[in-house]
Amino acid sequence: MGRQYGTSYRICIEGHLDARRAGDFEGFRAELTPEGETVLSGPVEDQAALHSILTRIRDLGIPLVSVIRIARNGKKA
């Protein structure tokens, strides 16, 4: 059986990530917006994993715009 994740998130960051940098966020889908932001969407195992992702964003010097938890039905939780 595959690995089960608890919650999915939409993490919005400032600027467009190139394909190489987006690949640093394994398991996340990167969507580039017309507003010049990147939205990373994907499952997160637990709070420690979420904090690790946010730390990586900070360490790359990328401004964080928002973090939204997504319910299982795809709507904002």
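What to note about this one:
- Under a 5 Å amide H cut-off, with hydrogens placed 1.01 Å from N, H16 pairs with nothing among residues at least 5 apart or on other chains.
- Net charge in the neighbourhood of C12 (other residues with Cβ under 11 Å of its Cβ; Lys, Arg +1, Asp, Glu -1) is -3.
- Relative packing of peptides 59-66, 10-17 - highest average C-beta neighbours within 10 Å first: 10-17, 59-66
- With a cut-off of 13 Å between beta carbons, the residues surrounding L40 carry a summed charge of -1, where Lys and Arg count +1 and Asp and Glu -1.
- q = 0.12, 0.13, 0.28 Å⁻¹: log10 I(q)/I(0) that the Debye formula gives for region 7-70, counting C-alpha atoms only: -0.24, -0.29, -1.47
- Per-pair calculated FRET efficiency, R0 = 30 Å: R56 and H16 via Cβ, rounded to 0.05: 0.95
Every number here is computed from the coordinates shown, using simple stated rules; none is lab data. Given the structure is predicted, the values throughout are model-derived calculations rather than measurements. Here the Cβ is made from the backbone with ideal geometry for all residues, glycine too, and neighbour counts use every protein chain on show.
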